[in-house]
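S.K.: Dropping the structure in here first, questions after.
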């Protein structure tokens, strides 16, 4: 944001941030027609520096929100990956026990191929970075 702001600059800034005049007015706590008059050049922006600071603050809040959203998404993905790892550990432990039982000649009468196929399916999935 520049330290010199005029109506056209304000309009371009507002449009770049996909905001309506009403949204800008609410954020700046001014009447909507004030924003409209600033943009048309009908009203001089008296405290340009304060307006610039407010608009910069808005941008920083938006960036912060985006970073928080990214952190939340990454946390969700981490939880999903952790749950998958725990499931794989349990399935592999089961397969290990089945293999040990088979090696010892013990037969529990259960078909354990599903575990082996499911683990293979999960391990074969392409992973997102």
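Values quoted throughout were computed directly from the atomic coordinates according to the rules given, and no laboratory measurement underlies them. Everything quoted here is computed from the prediction, not taken from an experiment.
S.K.: Only helical DSSP H runs with n ≥ 4 go in: add -39500 (n - 2.57) per run for the chain, normalise by residue count and round the 222 nm mean residue ellipticity to 500 deg cm²/dmol.
M.R.: Details: 5 runs with 95 residues, N = 129.
Mean residue ellipticity at 222 nm (helix-derived): -25000 deg cm²/dmol.
S.K.: Continuing with this model, one more query. Given Cα pairs under 8 Å that are at least 6 residues apart, what percent is the relative contact order of the chain?
M.R.: Values: 60 pairs, mean separation 26.4, N = 129.
Worked out over the chain, it gives 20 percent.
S.K.: Hey, how much of the P(r) for segment 55-101 falls beyond 13 Å, as a percent of Cα pairs?
M.R.: Counting every Cα pair in segment 55-101, those more than 13 Å apart make up 69 percent.
S.K.: For the chain, how big is Rg over Rh, using alpha carbon atoms and the Kirkwood form of Rh? Intermediate results must be reported in sequence, preceding the final value.
M.R.: Details: Rg = 29.9 Å, Rh = 20.0 Å.
Looking at the chain, the ratio lands at 1.49.
S.K.: Using only Cα atoms and rounding to the nearest 10 degrees, what angle (0 to 90) does helix 48-103 make with the longest principal axis of the chain?
M.R.: Computed tilt is about 0 degrees.
S.K.: With a/c under 1.5 counting as rounded, go ahead and sort segment 1-54 into rounded, prolate or oblate using the C-alpha gyration tensor (a ≥ b ≥ c being the square roots of the eigenvalues; past the cut-off, prolate if a/b is larger than b/c, else oblate). Show your work: numbers first, answer last.
M.R.: Numbers: a/c = 1.25, a/b = 1.11, b/c = 1.13.
Rounded, since a/c falls under 1.5.
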